[in-house]
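Q: One structure, pasted below without further comment.
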Amino acid sequence: MTTVRRTEESQTPLAPLGGQYQRLWAATAISNLGNGILFAAMPLLAQTITNWPAAISAVTASTALPGLLVALHAGAVIDRLDRRRVMVAMDLARLAILLGFCVLVIGGNVPLVAVYVAAFLLGAGDVTFDGAARSVVPAIVPAERLDAANGRLAAATDTMDELAGPPTGVALFAVAASAPFLFDAFTFAASAILLSTITGKLRAARERAVGSFRREIAEGLHFVRTSRSLRVLAAGTGLLAFFSLGNLSVLVLFVLSPKGLDLPRAGYGYLLMTLAIGGLAGSLGVERFTRRWDHVSVLSVAVALNGAAYALLAAAHGPVLGMIAMVVWGASVSAGMTVSIGMRQALTPDHLLGRVMSVFRVLVGLGGVTGAVLAGVIADVVGLRASYVYSGLIQLALAPVFALALRRAATATAEQT
């Protein structure tokens, strides 16, 4: 991990990412298109079964739960097996689940519990696939291009998951209830075919025999806990997730309420689009940023800008300032998370990478759930703007503390190596 400004390095020619990475990128993009389609289609299907809001929202919760319940075990699996084969297996498993689910949908007799089970299993497949994809990147791209590789994967995820997938899912559902699920099955089949063309051994080398799952998970947790840099990085990543997902959970109320931005429903859609566009800009800009400045500086600025975005949104009373705030919000979170991934990859031995990534996945999930609950309480008790005011001020105050702690941790890590 670099802690000095990269002036000379920014002038050196860039090594190509290579054909192996391009196939991984294409497979990830296609797979995430399927995720975006599911994100929209699953609740729509649930709405045809019941009008109870809690029952419909439970579909989204079922998709998100694997990030908390399955991620640690998925990380252990990723570090045990060939990571390319893990991704292919997850694509084929999701293909089989969707084909079986389509039979129920076409038959017109889908129990609500089947929707929950399918959503959970598909979410578990996504958690495992994503962890394997992130863990395999350092093995197939030059070390100096990790930021570019991670940024482009994040851009593909944002584009397909948030921009292309949901409207495609809605459009396909309008054609036939089974159409989005059949199309989604095709995306996972295509992804599996692409991944099968990646060659080479992509299984982490181990110095000792594989232990039990419990021991393997404990080893990953121990490594994060005993690494000063990873501990600080985990705190910063959790901070971003806590405030970002918390504020996102009350955004629809803030946008539509007369006490907030007072925009029509279409305005909420446009703001979400600007958030995704900001995310694209942030993830694609990461390599340029880290070739000019070190990772610690880029991540610290991203945390500060994220706090500034919330403060700006709290001050907004119309769409213009609101859209500016959303772009900064999306760019800062995406850039910060992408840099965080690159730093984890640089700090972690290959045989532990899947488990370390899974620990961070759980931290992000816990931060998001806690943030969403607290933001809802604050909005209800104090007011809709309060969540953005408090999160903006707190994050701006904590940003220099986080930057100093991360700088000292990075310096100590560099001295030890």
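The numbers here are math on the coordinates, done by the rules we state, and not lab data. Every value quoted in this text rests on a predicted model; they were computed, and no experiment measured them. We place every Cβ from the backbone using ideal geometry, glycine too, and count neighbours over all the protein chains shown.
Q: Below 15 angstrom from the Cβ of G365, what's the summed charge of the other residues (Lys, Arg +1; Asp, Glu -1)?
A: Working: positive: R361; negative: D126, D130.
With Lys, Arg at +1 and Asp, Glu at -1, the net is -1.
Q: Could you derive backbone 3J(HN,Hα) for region 403-409 from the dihedral phi with the Karplus parameters 6.51, -1.76 and 1.60 (θ = phi - 60°), listing whole Hz in sequence and x where the residue is Gly or Pro?
A: Once rounded to whole Hz, the list reads 4, 5, 5, 5, 4, 5, 5.
Q: Another question, then. Could you run the Debye sum over the Cα atoms of region 216-417, one equal point scatterer each and no solvent, and tell me log10 of I(q)/I(0) at q = 0.12, 0.16, 0.17 Å⁻¹, two decimals?
A: -0.60, -1.00, -1.10
Q: Next question. Treating only the Cα positions of the chain as identical point scatterers, give the base-10 log of I(q)/I(0) from the Debye formula at each q in 0.08, 0.12 Å⁻¹.
A: These q points yield log10 I(q)/I(0) values of -0.43, -1.01.
Q: Let me ask you something else. Can you give the local net charge around A40? Use residues other than it whose beta-carbon is closer than 12 angstrom to its beta-carbon, Lys and Arg +1, Asp and Glu -1. If you can, show how the numbers build up before the last one.
A: Working: positive: none; negative: D161, E162, D184.
Value of the local net charge: -3.
Q: Run the paramagnetic zone check for R288: 7 angstrom along Cα to Cβ, then residues of region 158-202 with backbone nitrogen under 19 Å.
A: So the set is 158-159.
Q: Please give, to one decimal in nm, the separation of the simple spin-label points placed at A171 and A205, each 7 Å out from Cα toward the Cβ.
A: My value for the distance between the label points is 4.8 nm.
Q: Please report the base-10 log of the normalised intensity I(q)/I(0) for region 15-204, using a Debye sum with one equal scatterer per alpha carbon and no solvent, at each q in 0.15 (1/Å).
A: Log10 I(q)/I(0), no solvent term: -0.85.
Q: I'd like the Karplus ³J(HN,Hα) series for region 112-118: coefficients 6.51, -1.76, 1.60, θ = phi - 60°, whole numbers in Hz, and an x wherever there's a Gly or Pro.
A: Values, residue by residue: 4, 5, 5, 5, 5, 5, 4 Hz.
Q: For every other residue with a beta carbon closer than 11 angstrom to the beta carbon of S334, add +1 if it is Lys or Arg and -1 if Asp or Glu, then tell me the sum.
A: On the way: positive: none; negative: D158, E162.
In short, -2.
Q: Please work out the Cα convex hull volume for region 132-196 and give it in Å³ per residue. Don't skip to the end; give the middle numbers.
A: Details: hull volume 5.3 nm³, N = 65.
Given the Cα convex hull of region 132-196, per-residue volume reads 81 Å³.
Q: I'd like the Karplus ³J(HN,Hα) series for region 27-33: coefficients 6.51, -1.76, 1.60, θ = phi - 60°, whole numbers in Hz, and an x wherever there's a Gly or Pro.
A: With coefficients 6.51, -1.76 and 1.60, one gets 5, 5, 4, 5, 4, 6, 4 Hz.
Q: Which ordering of F213, F360, F183, F289 is given by a fewest-first count of other beta-carbon atoms within 10 Å? Before the final figure, lay out each step's value.
A: Numbers: F213 13, F360 24, F183 18, F289 21.
The order, fewest Cβ neighbours first, is F213, F183, F289, F360.
Q: Each label point is 7 Å from the Cα along the Cα-to-Cβ direction; what then is the distance between the points at D262 and R214, in nm?
A: That separation, rounded to one decimal, is 6.0 nm.
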